[in-house]
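*Asks:* Have a look at this one before I ask anything.
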Amino acid sequence: MTPFVAEFLGTALLILLGNGVVANVVLSKTKGNGGGLIAITTAWALAVFVGVVVAGPYSGAHLNPAVTIGLAIVGKFDWAMVPSYFLAQLLGAMTGALFVWLKYIDHFKATEDKGLKLAAFSTGPAIKNNLANLFSEIIGSFVLLIVIFHITNAEIVDTKTPLGLGSIGAIPVMFLVWAIGLSLGGTTGYAINPVRDLGPRIMHSILPVAEKGSSEWSYAWIPIAGPLIGASLAAVLFNILN
């Protein structure tokens, strides 16, 4: 498996399981309807575990442009590979969202609330305040990257980086994402990953989702810019401290 394919597949699995739990919780007539924030944050953390286990040995399992940028800034990832990783991650996110829609297509039809249909694809603020929403994404992504740097020391030795004790090596990142979701996720839905929001939002805009309403593109820049800013700040601080 090439790094491109690994990033594509890992990100697709991440979004399939992550957006899948949101669909299960918010869409009408599902077995998980009303499951709440604990179910969503737990499944997202486990989705990260799955994606990292699959992609880790072949690409380092970035699965997130913010992670890719952060590692490049600290000098632990080749800038020349950044565009291909971004493309693989975006395509993977779009593919994962496509399969969530296919999986829950009858429940999208059964759901009247257009906002809940969008929520099964992309993030949105609990209270719309662009500055506060941007800060929320910045701080969440800063925590993600500064801890990842200390979990892994930002070391990618080659394209087949082992995960320590096999799959157990993915557990720290799983717990990290779980903690971010529980502690910081209530304001914007904690995208902390530009393609986690952009890829599914693109799919929401082009798929024939029943009575779907707006894709809210006016908000879309926040879950893109926030994670990239937060990751960059974490990388700069890491460089200063090390």
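For every residue, the table says whether it meets (1) in contact with a strand residue (DSSP E or B) (Cβ under 7 Å, 6 or more places away or on another chain); (2) within 19 Å of Ile224 (Cα to Cα); (3) among the hydroxyl-bearing types (Ser, Thr, Tyr).
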| site | (1), (2), (3) |
| --- | --- |
| Lys29 | no, no, no |
| Thr41 | no, no, yes |
| Ile69 | no, yes, no |
| Gly92 | no, yes, no |
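*Asks:* Only one of Ala88, Ala93 is at pLDDT 95 or above, under 25 Å from Met203 (Cα atoms), touching a Lys or Arg at 6+ places or on another chain (Cβ under 9 Å) and surrounded by 20 or more Cβ atoms within 10 Å (Cβ to Cβ); which?
*Replies:* Ala93
*Asks:* Let me ask something additional. If a residue has to be in a loop (DSSP other than H, G, I, E, B) and surrounded by fewer than 24 Cβ atoms within 10 Å (Cβ to Cβ) to count, how many in the range 40-75 make the cut?
*Replies:* Summing the residues that are in a loop (DSSP other than H, G, I, E, B) and surrounded by fewer than 24 Cβ atoms within 10 Å (Cβ to Cβ) in the range 40-75 gives 2.
*Asks:* Just name the residue that is farthest from the chain's Cα centre (by Cα) out of those in the range 204-230 that are under 11 Å from Leu118 (Cβ atoms) and part of a helix (DSSP H, G or I).
*Replies:* Selected residue: Ser205.
*Asks:* Just to check your reading of the model, which residue among Ser205, Ser214, Ser232, Ser218 is free of Cβ contacts under 8 Å to residues at least 24 places away in the same chain and either more than 25 Å from Leu13 (Cα to Cα) or touching a Phe, Trp or Tyr at 6+ places or on another chain (Cβ under 7 Å) (or both)?
*Replies:* Ser218
*Asks:* Tell me, which residue of the range 113-147 that is of a type in the set (Phe, Trp, Tyr) and farther than 18 Å from Leu182 by Cβ is surrounded by the fewest Cβ atoms within 10 Å (Cβ to Cβ)?
*Replies:* Filtering the range 113-147 for residues that are of a type in the set (Phe, Trp, Tyr) and farther than 18 Å from Leu182 by Cβ, the one surrounded by the fewest Cβ atoms within 10 Å (Cβ to Cβ) comes out as Phe135.
*Asks:* Right, another one. When you scan the range 88-105, how many residues do you find that are more than 14 Å from the chain's Cα centre (by Cα) and in contact (Cβ under 8 Å) with a residue 24 or more places away in the chain?
*Replies:* 6
*Asks:* Right, next: Residues of the range 1-39 being under 30 Å from Tyr85 (Cα atoms) and part of a loop (DSSP other than H, G, I, E, B), which ones?
*Replies:* Passing the criteria: Met1, Thr2.
*Asks:* Return the total of residues in the range 159-203 being part of a helix (DSSP H, G or I), modelled with pLDDT of 95 or more and of a type in the set (Val, Ile, Thr).
*Replies:* Number of matching residues: 4.
*Asks:* From the list Asn33, Asn24, which residue is touching a Ser or Thr at 6+ places or on another chain (Cβ under 6 Å) and surrounded by fewer than 24 Cβ atoms within 10 Å (Cβ to Cβ)?
*Replies:* That would be Asn24, the only listed residue that is touching a Ser or Thr at 6+ places or on another chain (Cβ under 6 Å) and surrounded by fewer than 24 Cβ atoms within 10 Å (Cβ to Cβ).
The values are calculated or read from the model by the stated rules, or taken from the named source; none is laboratory data. Quick caveat: nothing in here was measured; it's all calculated off a predicted structure. So basically every Cβ, Gly included, is an ideal-geometry build from the backbone, and we count neighbours across all protein chains shown.
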